[in-house]
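**Student:** Questions regarding the structure given below will be posed in turn.
The values are calculated or read from the model by the stated rules, or taken from the named source; none is laboratory data. Note that the coordinates shown come from a computational prediction; the quantities given were computed from them, not determined experimentally. Cβ atoms come from the backbone with ideal geometry, glycine included; neighbour counts cover every protein chain shown. Just the protein is used for accessible areas: all its heavy atoms, side chains included, with ligands, DNA and RNA removed. Shrake-Rupley method; radii C 1.70, N 1.55, O 1.52, S 1.80 Å.
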Amino acid sequence: MKLVFATHNLNKFKEVQSLLPSNIELVSLSDIGCYDDIPETADTIQGNALLKVAYVKEKYGLDCFADDTGLEVRSLNNAPGVYSARYSGPGANAQSNIHKLLDNMSDIKDRAARFKTVIALDYNGKQLLFEGICPGTILSQQRGTKGFGYDPIFLPNGKNQTFAEMSLQEKSTIGHRGKAMQKLMAHFS
Ligand code: IMP
């Protein structure tokens with residue numbers, strides 16, 4: 001079975017590919033000749049995931065799924081949330097976003113946060129949503145070089161390694177995207 005994963009993020013593509021059973025052939029956006037910057041203009045994580053699958057379905061007519069993820073920090077009213085990618089403004093990247101978050105939390109004692117992933121699936125004419133949540137805390141300094149995005153400052157609950165210190169396999173097992181993916185896979189099994 002062929003499924004498009006609507007992402008340009010190679011890290012995410014690899015992470016998801018490692019979770020899939022071998023009967024599913026995962027196809028990337030570049031595999032289908034899509035190099036567009038798919039608009040993510042919704043004001044919820046779920047809304048953005050739905051926008052991405054609708055775009056691929058409409059333009060390419062292919063079954064597909066897309067994920068959207070946000071980091072929700074309790075003491076910041078769940079910011080950056082849906083704005084996680086652009087948190088530090090135009091030209092934002094992982095390091096500028098991390099620095100902004102650490103600056104904004106410099107005086108904050110409550111460091112509780114969670115990653116939330118929503119996967120939207122458009123398959124056989126039906127749309128479904130799958131959610132995965134990983135609770136943790138935001139450290140005051142970066143640790144580790146693996147992973148991407150906010151991984152170096154996110155310590156999952158019950159662990160003493162940040163996402164950026166763990167193997168991809170361990171991150172996938174306990175992580176938000178892995179949990180949402182498990183639900184997606186259960187749908188196909
Ligand atoms: P997107 O939904 O993949 O576009 O991600 C939104 C933002 O959250 C981007 O800044 C990503 O770098 C960040 N992000 C998404 N997934 C993860 C993750 O697993 N770890 C750390 N940061 C992530």
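**Student:** If you take the residues of the stretch 158-189 that are over 24 Å from Gln46 (Cα atoms) and polar (S, T, N, Q), which of them is farthest from the ligand (Cβ to nearest atom)?
**Tutor:** The residue in question is Asn160.
**Student:** In the stretch 1-47, what count of residues is obtained for those that are of a type in the set (A, V, I, L, M), open to solvent by 70 Å² or more (accessible area, probe 1.4 Å) and assigned to a loop (DSSP other than H, G, I, E, B)?
**Tutor:** Of the residues in the stretch 1-47, 1 are of a type in the set (A, V, I, L, M), open to solvent by 70 Å² or more (accessible area, probe 1.4 Å) and assigned to a loop (DSSP other than H, G, I, E, B).
**Student:** Of (1) within 10 Å of the ligand (Cβ to nearest atom); (2) surrounded by 19 or more Cβ atoms within 10 Å (Cβ to Cβ), Val73 satisfies all except one. Which?
**Tutor:** (1)
**Student:** Shifting gears a bit: Among the residues of the stretch 146-182 satisfying the criterion of being among the small types (Gly, Ala, Ser) and farther than 25 Å from Asp110 by Cβ, which is surrounded by the fewest Cβ atoms within 10 Å (Cβ to Cβ)?
**Tutor:** Among residues in the stretch 146-182 that are among the small types (Gly, Ala, Ser) and farther than 25 Å from Asp110 by Cβ, the one surrounded by the fewest Cβ atoms within 10 Å (Cβ to Cβ) is Ser167.
**Student:** Select from the stretch 12-32 the residues that are polar (S, T, N, Q) and in contact (Cβ under 8 Å) with a residue 60 or more places away in the chain and list them in ascending order.
**Tutor:** Correct list: Ser18 only.
**Student:** A further question on this structure: If Ser88 meets every condition in (1) within 13 Å of the ligand (Cβ to nearest atom); (2) in contact (Cβ under 8 Å) with a residue 24 or more places away in the chain; (3) over 17 Å from the mean Cα position of the chain (by Cα) apart from one, which number is that one?
**Tutor:** Here Ser88 clears every test but (2).
**Student:** Okay, moving on. Does Asp110 satisfy being touching a residue at least 40 places away in the same chain (Cβ under 8 Å) and farther than 19 Å from Ala164 by Cα?
**Tutor:** Judged against the criteria, Asp110 is not a match.
**Student:** With respect to Ser140, is the statement that it is of a type in the set (Ser, Thr, Tyr) and in contact with a helix residue (DSSP H, G or I) (Cβ under 6 Å, 6 or more places away or on another chain) true? If you could, list the steps in order and put the result at the bottom.
**Tutor:** Working: of a type in the set (Ser, Thr, Tyr): yes; in contact with a helix residue (DSSP H, G or I) (Cβ under 6 Å, 6 or more places away or on another chain): no.
No.
**Student:** Looking at Asp107, Asp122, Asp103, which is the one that is more than 12 Å from the ligand (Cβ to nearest atom) and touching a Lys or Arg at 6+ places or on another chain (Cβ under 9 Å)?
**Tutor:** Details: Asp107 fails: touching a Lys or Arg at 6+ places or on another chain (Cβ under 9 Å); Asp103 fails: touching a Lys or Arg at 6+ places or on another chain (Cβ under 9 Å).
Every option except Asp122 fails the conditions.
**Student:** For the stretch 44-61, enumerate the residues that are β-branched (Val, Ile, Thr) and more than 14 Å from the ligand (Cβ to nearest atom).
**Tutor:** Selection gives Val56 alone.
**Student:** If you take the residues in the stretch 99-145 that are of a type in the set (Gly, Ala, Ser) and open to solvent by less than 60 Å² (accessible area, probe 1.4 Å), which one is nearest to the chain's Cα centre (by Cα)?
**Tutor:** Looking at the filtered set, the residue picked out is Gly132.
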